[in-house]
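Q: Attaching a single structure in structure tokens format; questions to follow.
The values are calculated or read from the model by the stated rules, or taken from the named source; none is laboratory data. This structure is a prediction, so every number in the text was calculated from the model and none was measured. We place every Cβ from the backbone using ideal geometry, glycine too, and count neighbours over all the protein chains shown.
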Amino acid sequence: MRVLMLYPEFPDTFWSFKHALRFVRKKASSPPLGLVTIAALLPSAWEKRLVDLNVARLRDRDLAWADMVIISAMIVQRDSARELIARCKRAGKTIIAGGPLFLSEYEDFPEVDHFVLNEGEITLPLFLSDLARGCPQKVYQTDQFADLTMTPVPLWELIDFRKYESLSIQYSRGCPFQCDFCNITAMLGRRPRTKRAAQIIAELDKIYRLGWRRNVFFVDDNFISNKRQLKEEILPALIAWRRGRAGCSYLTEASINLADDEELMGMMSAAGFNSVFVGIETPDEASLAECNKGQNVHRNLVECVQAMQRHGLQVMGGFIVGFDNDTESIFDRQIEFIQKSGVVTAMVGMLQAIPGTPLFARLHAEGRITHEMTGDNADGTTNIIPAMGLDKLKTGYARLMAELYSPENFYARIRTCLRLYHPPKAPVRLHAEELYAFLRSIWKLGTLSAERNHYWRLFFWTLFHRPRSLALAVTFTIYGFHFRTVNALNGIR
């Protein structure tokens with residue numbers, strides 16, 4: 001059996017980092033972890049190829065080679081997935097599909113022959129068994145959750161590492177919290193399931209053996225959901241693994257209560273973590289209570305962010321406007337909070353209702369769902385009728401994004417972050433890509449751009465006051481270029 005695995009193209013989004021990646025001569029942030037994991041679950045005798053349309057073209061000869069096509073996609077890849085499925089169908093291929101897009105919308109894709117949904121460790125063997133007997137079903141679903149200790153090491157041999165900025169590892173699935181706008185617990189449950197340290201080390205050993213020395217993204221929905229295992233098993237293993245090895249720094253996602261645990265923050269920094277994405281959402285406590293974000297209530301959110309930064313964890317923040325409790329003052333309050341906290345990478349989106357969430361159920365019952373969501377939570381759209389009115393929300397959101405990413409505010413926020421950020425004292429290693437990015441940033445931002453005065457003031461301020469963070473400062477300026485470009489594409493200036 002010859003299997004062609006396909007990953008649709010992402011649109012130009014906040015998180016694509018498409019315009020920043022050009023500075024380091026990369027084509028995409030990371031390869032599709034789900035597909036290379038599924039590849040490892042397929043029979044070893046099968047021939048496998050993977051084409052990620054974010055880094056390569058799908059050639060006619062690839063389709064001609066394949067007996068079967070497997071497609072995985074997220075909601076934001078919907079349009080590209082439709083085009084890809086139509087092309088595969090024209091080529092007469094059997095199509096198997098899975099992933100978040102199809103989990104919630106599989107009935108909208110009648111051209112797909114078989115859907116393998118939920119967690120592949122459970123549903124893929126069922127499909128393979130039926131396929132071997134010549135009676136595969138249309139849809140495979142389960143309400144059970146996989147045992148991650150049985151998940152194989154991904155088949156990274158299918159990936160051309162040179163085209164990516166980071167690789168991904170998954171330590172856990174599920175989240176103990178139940179924010180009403182988030183579909184994680186609906187898909188993966190509230191009881192986090194984890195891999196063992198030996199599995200994580202085996203995955204690291206493999207990518208290191210294959211030559212990887214750059215960023216590794218732990219894609220857990222909440223990395224700190226099992227603090228005890230992290231402290232006793234996972235982080236000590238990661239600390240030991242890094243000894244004598246160059247490269248490989250980590251980033252992940254965690255809830256705000258990470259800031260409560262000095263020991264955990266210190267161990268994460270020692271293990272090589274230097275960035276963490278945190279769902280902060282809003283400084284308004286009434287809106288936090290509305291969305292069941294209890295872990296963020298009754299705490300000084302600015303101090304929490306700064307505590308992580310002081311421990312060498314650069315905080316990327318997720319923010320939302322458009323809650324029912326939000327008034328028109330929320331836009332200025334969000335700007336004030338983000339500037340004060342020094343969250344350089346601030347992803348702000350209008351509230352969207354994802355099918356399968358408590359929010360969607362409530363708003364659907366109230367007749368406030370207008371259309372399907374785009375899956376891009378920072379494109380200036382929403383699929384709900386907001387309490388404050390759609391025109392007010394859109395106008396306020398556009399102003400908020402324009403002010404946040406204006407050169408004056410953005411560069412001021414970088415300095416705030418760098419004043420607080422204390423990276424561990426370790427040798428600073430630069431890859432050839434970083435040196436190229438630095439030279440290109442001088443040309444693109446320090447010479448041709450209207451923000452060149454901001455660029456050079458930040459450069460020399462960092463050189464004299466935070467020299468160990470100079471590479472990070474330049475990286476931030478490149479991020480800013482990407483964010484402003486995406487804003488412009490979304491009509492925000």
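Q: Of all residues in the range 213-264, which are part of a helix (DSSP H, G or I) and over 24 Å from ARG190 (Cβ atoms)?
A: Once the filter is applied, which keeps residues that are part of a helix (DSSP H, G or I) and over 24 Å from ARG190 (Cβ atoms), the range 213-264 yields PRO236, ALA237, LEU238, ILE239, ALA240, TRP241, ARG242, GLU262, GLU263.
Q: Of ASP52, ASP130, ASP108, ASP67, which residue is closer than 24 Å to LYS26 by Cα, of a type in the set (D, E, K, R) and modelled with pLDDT of 95 or more?
A: ASP52
Q: Further question: So which residues in the range 94-126 are surrounded by fewer than 19 Cβ atoms within 10 Å (Cβ to Cβ) and touching a strand residue (DSSP E or B) at 6+ places or on another chain (Cβ under 6 Å)?
A: THR94, TYR106, ASP113, LEU126 - these are the residues of the range 94-126 that are surrounded by fewer than 19 Cβ atoms within 10 Å (Cβ to Cβ) and touching a strand residue (DSSP E or B) at 6+ places or on another chain (Cβ under 6 Å).
Q: What are the residue pairs meeting all of these: first residue in the range 285-302, first residue surrounded by fewer than 15 Cβ atoms within 10 Å (Cβ to Cβ), second residue acidic (Asp, Glu) and not in a loop (DSSP other than H, G, I, E, B), Cβ atoms under 7 Å, and 6 or more apart or on different chains?
A: Partner pairs satisfying both residue conditions: VAL297/GLU285.
Q: Quick one: in the range 245-268, which of the residues that are surrounded by fewer than 19 Cβ atoms within 10 Å (Cβ to Cβ) and in contact (Cβ under 8 Å) with a residue 60 or more places away in the chain is farthest from PHE319 (Cα to Cα)?
A: ALA246
Q: It is to be established whether one or more residues within the range 457-478 are surrounded by fewer than 19 Cβ atoms within 10 Å (Cβ to Cβ) and hydroxyl-bearing (Ser, Thr, Tyr).
A: There is no residue in the range 457-478 that is surrounded by fewer than 19 Cβ atoms within 10 Å (Cβ to Cβ) and hydroxyl-bearing (Ser, Thr, Tyr).
Q: Within the range 180-214, take every residue that is polar (S, T, N, Q) and at pLDDT 95 or above and give me the one that is surrounded by the fewest Cβ atoms within 10 Å (Cβ to Cβ).
A: Filtering first and then ranking leaves GLN199.
Q: Would it be correct to say that GLU83 is among the charged types (D, E, K, R), touching a Ser or Thr at 6+ places or on another chain (Cβ under 8 Å) and outside the structural domain of ARG196 (by TED's automatic domain parsing)?
A: no
Q: Out of curiosity, is ILE385 surrounded by fewer than 21 Cβ atoms within 10 Å (Cβ to Cβ), of a type in the set (Val, Ile, Thr) and over 22 Å from the mean Cα position of the chain (by Cα)?
A: Considered against the rule, which asks whether it is surrounded by fewer than 21 Cβ atoms within 10 Å (Cβ to Cβ), of a type in the set (Val, Ile, Thr) and over 22 Å from the mean Cα position of the chain (by Cα), ILE385 comes out as yes.
Residue-wise test of (1) under 24 Å from the mean Cα position of the chain (by Cα); (2) among the polar types (S, T, N, Q); (3) assigned by TED's automatic domain parsing to the domain that holds ASN274.
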{"position": "ASN409", "(1), (2), (3)": "no, yes, no"}
{"position": "ARG413", "(1), (2), (3)": "yes, no, no"}
{"position": "PRO423", "(1), (2), (3)": "yes, no, no"}
{"position": "HIS431", "(1), (2), (3)": "yes, no, no"}
{"position": "TRP456", "(1), (2), (3)": "no, no, no"}
{"position": "TRP461", "(1), (2), (3)": "no, no, no"}
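Here is a yes/no grid of residues against (1) closer than 16 Å to VAL315 by Cα; (2) at pLDDT below 95; (3) surrounded by fewer than 15 Cβ atoms within 10 Å (Cβ to Cβ):
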| position | (1), (2), (3) |
| --- | --- |
| GLU403 | no, no, no |
| GLU408 | no, no, yes |
| LEU420 | yes, yes, no |
| PRO424 | yes, yes, yes |
| PRO427 | no, yes, yes |
| LEU430 | no, yes, yes |
| GLU434 | no, yes, no |
| ALA437 | no, yes, no |
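Q: Among the residues of the range 367-386, write down those that are in contact with a Lys or Arg (Cβ under 9 Å, 6 or more places away or on another chain) and not β-branched (Val, Ile, Thr).
A: ARG368, GLU372, GLY375, GLY380, PRO386
Q: Residues that are free of Cβ contacts under 8 Å to residues at least 40 places away in the same chain and either touching a helix residue (DSSP H, G or I) at 6+ places or on another chain (Cβ under 6 Å) or of a type in the set (Phe, Trp, Tyr) (or both): find the strands (runs of 3 or more DSSP E) completely inside the range 45-163 holding 1 or more of those.
A: Ranges flagged: 94-98, 114-116.
Q: If a residue has to be charged (D, E, K, R), over 20 Å from the mean Cα position of the chain (by Cα) and closer than 29 Å to GLU336 by Cβ to count, how many in the range 226-280 make the cut?
A: Matching residues across the range 226-280 total 3.
Q: Within the range 308-330, track down each residue that is in a loop (DSSP other than H, G, I, E, B) and crowded, with 18+ Cβ neighbours inside 10 Å.
A: HIS311, GLY312, LEU313, GLY322, PHE323, ASP326
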